[in-house]
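The values are calculated or read from the model by the stated rules, or taken from the named source; none is laboratory data. From a predicted model like this one, the values you see are computed outputs, not experimental measurements. Methodologically, a virtual Cβ is constructed for each residue, glycine included, from the backbone with ideal geometry; neighbour enumeration extends over all protein chains shown.
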Amino acid sequence: MAVQYLLQRRLRHLRSVTLNNIVLQIDKVVNNEEQTYREAIRSLDCFFIIENLKGDVSLVSEVQRSPLKSIQFNDVNFCGDSTSKFIIKLVVHIPDELFKEPDADNQWCIVKEYLVDLNQLQLIDMKNDNVLTSNVPIFILDDGCYTLKGIDIEKGPYYLSSNESHNQNKIFRSSKKSFTYNTILKLNKLLEYIGQTHEETKKISSKLEKPLSKSHKLNNSNCENIEAYKDQIKKLISKKKAKIKLLKEEMEGHETLIRSNTASSVDITDKTNVNDQYGSMYSNLFEIRNSLAQWRTKKLSQLISIFKVQNFFDLAKQLNCDQYISIVNKKDLELGNNRNQQQIVLSIIKKDRLQAQINKSLDTQERINTFLGYFLLFIDILSNNIFDIVVPSKLMFYGSTSIINKVYPLYLPHAYSTYNQERFYEAIDLFNINIQQLKQYLTDHYNNI
């Protein structure tokens, strides 16, 4: 019982369809409409249509001329399980002799329509059995030949049972597949389309190769310059850190000396000595603080010169983004000379103005993405490497695709959605917080911002 159940529930793969006894039956009138008889017309052009239960067409076969007995259609690509149901319609061509005036739109008619249940088919032997009913489809599956139940079949001398269908399955597997004209035509069109696409791809790539090679050389030279400047800044910073370490050790030595003197001193003369040492130590600390401020001012001027060489501030002015970052030259009146001192002007980014500039063109959008990336790099070097300020959000420089906190992109892609825009606005808010904290610290401790 279990084997029979599994055989009934196996997958059904439809390999081909054979139409048997294709007949167009017509009622004809004789003797002035007093008598009628039915005439059967054979050897007609025919094809079949497979539809699902909703009426949507799944397959339309090619047109073939039916012989007196049966005709096989090989161009079938339909798979289903044993519970699948579909509708098959048999369509034939009406001969021109039956029309007084031939009408091309009405010369095809449906002679038979069946509701097919793949789980309710009966096995048939194509060699020995004879189908008596007209306009009958025979389904050739991977495990044998089947037809609809209720079809009159004249059994041959040898009966093919369902358990013996494995021998017939071997015959179907050994049969050779053949091309039809429609398949070859489709293959020819597909190869022609692939060839045209390949030629167009070659032309486009050859056009893009020249400008891309030029821009690639420029980008490589810019990147090499930036890397060289970064190496120089790292070496200078390492040297300054070593000097700061030595100064801290000297400061610790002075502190231990002060503690020992204050613990051992009792009289007034000892206290005056301690005050003198404290005054000398304070003057040393003041000198260290001034030298550290001068070092930071020098590094800041070097950083500004590097970004000027890369035309960062010119790009900001071209994009009307100089309101966010710019350099102002002011005279140093405190020292009593006419020497110009560079002052950085920082401001938070306004999202509505930036979005209006991005919407102008794709080129403007790409340039703004580049500006935001190098603006992020400038703030990152200024806060972490020069002034040693801890900012709330982590800045990660990747050129025109820089990100914040490893999640939020500080750029907009060419084809962006509402989700991308929201994440971009969130990145701008986090970046503005870093700018505000850096600006507040430098305003309280330095006069160059």
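General remarks:
- Search result, residues across the stretch 407-435 that are assigned to a loop (DSSP other than H, G, I, E, B) and among the aromatic types (Phe, Trp, Tyr): Tyr411, Tyr416
- Within the stretch 354-406, the set of residues being of a type in the set (Asp, Glu) and assigned to a helix (DSSP H, G or I) comprises Asp363, Glu366, Asp380.
- Annotation note: Cβ proximity below 7 Å between a residue of the stretch 271-296 that is over 15 Å from Glu252 (Cα atoms) and of a type in the set (Lys, Arg) and a residue that is outside any helix (DSSP H, G or I) and at pLDDT below 60 (sequence gap 6+ or interchain) occurs for Lys271/Ser265.
- Taking the numbered list (1) in contact (Cβ under 8 Å) with a residue 12 or more places away in the chain; (2) out of contact with any Leu (no Cβ under 6 Å at 6 or more places or on another chain); (3) surrounded by fewer than 19 Cβ atoms within 10 Å (Cβ to Cβ) in turn, Asn384 passes all entries but (1).
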